[in-house]
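We did not get these values from a lab; they are worked out from the coordinates using the rules stated. These figures come from a predicted structure and were not determined experimentally. Methodologically, a virtual Cβ is constructed for each residue, glycine included, from the backbone with ideal geometry; neighbour enumeration extends over all protein chains shown.
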Amino acid sequence: MKTPDIDAAVRGLARPDHEITDAAWSELSANITNEPYERVVSLDSRRRSVRPRVLLAAACSLLIAGVVAATLVNQPAQDQPQALSFTERGDKLIVRVVDPNADPKRYNAEFKKMGLDIKVKSVPVSPPFVGTMVSFSSGSQREMDQLHRLAPGELCNGTLNASDPGCQEGLELPKNYDGSTEIQFGRKAKPGEMYKHSSSSATDKGELLAGLVLDDKTVAQVLPLIEARGVQVEGYLVGSGPKYDTKDSVPDNWYVYGSATRHPGKVSLYVDPDPAK
């Protein structure tokens, strides 16, 4: 088998996602087993030709074994799919979430296996942030500066994009990162539980009132729209912030200029006696 043939086959096997394709196996097998038969003229020449062929077959067997072994490094057991993926890119390590529904203990175990002091904490969030990294923190600004949050589709291998499960959001950090970091990962909130993270407005995409236009409408105009969504108004926020006066009710002719969601199924409305100028 020619060396370029082996190289080509190995390149087909050593894909970035560590999957061995059927085409790559077929190419390598064909190159190993389909060597053109050479007619043996004498016993001496046959003896001389046997040894190189045995060595070549042994070398190819070791090559296959090595490739297979390489694909299994740091891979979880078959009955325990990986929760995170780790990809080296130069002097950086890219970590992506593979299973957004995994128990945080699995994330922590996989980070520890990679020698990283990174802990994942599960926190209640509003619907658009379930299954996402909502924030991360470290012990110093120097450590924070070494961390870069990756959006879905960012720095993905090959032709992968944001629609691929293996190219979702993640974290880029130095391969030799020695900091201590906590990542907050969003989960569905329990009834009555307060969100740790939500959109700036309850009308944002994915939130309870997504698509509704509430600003500059009166409370009397807004309430039927909210009730039609099966959502409860839990309070009215009065003032200019950052500390608002919370009221259980306000006059119907007051104006709405914003909304927020802090608990499942409920919203708060920012209101003022006068319309926005």
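What to note about this one:
- For L150, nonlocal amide neighbours, meaning residues 5 or more places apart or on other chains whose placed amide H falls under 5 Å from its own, are G170, L171, E172.
- Taking N as its residue count, the alpha carbon Rg of segment 135-197 over 2.2 N^0.38 Å: 1.39
- log₁₀ of I(q)/I(0) at q = 0.12, 0.20, 0.21 Å⁻¹ - segment 160-277, Debye sum with one point per alpha carbon: -0.57, -1.09, -1.18
- Each Lys and Arg contributes +1 and each Asp and Glu -1, all at the Cβ; summed about the Cα centre of segment 84-188, the dipole is approximately 320 debye.
- For segment 94-220, the alpha carbon convex hull comes to 146 Å³ per residue, rounded to a whole number.
- Pairs of Cα atoms farther than 14 Å apart, segment 217-272, %: 50 percent
- Likely footprinting exposure, I118, I94, fewest C-beta neighbours within 10 Å first: I94, I118
- Each residue of segment 200-206 was assigned a 3J(HN,Hα) from its phi angle through the Karplus expression (A = 6.51, B = -1.76, C = 1.60, θ = phi - 60°), giving 5, 9, 6, 9, 5, 4, x Hz with x at Gly and Pro.
- Each residue of segment 146-159 was assigned a 3J(HN,Hα) from its phi angle through the Karplus expression (A = 6.51, B = -1.76, C = 1.60, θ = phi - 60°), giving 8, 9, 10, 6, 9, 7, x, x, 7, 6, 8, 6, x, 9 Hz with x at Gly and Pro.
- Nonlocal amide H pairs with R262, under 5 Å, H built at 1.01 Å: S268
- For segment 248-257, the Karplus equation 6.51 cos²θ - 1.76 cosθ + 1.60, evaluated at θ = phi - 60°, returns couplings of 6, 8, 9, x, 5, 8, 6, 9, 9, 10 Hz by residue, with Gly and Pro reported as x.
- Using equal-weight Cα scatterers in the Debye expression, the normalised intensity of segment 93-156 in log10 at q = 0.16, 0.21 Å⁻¹ is -0.62, -1.09.
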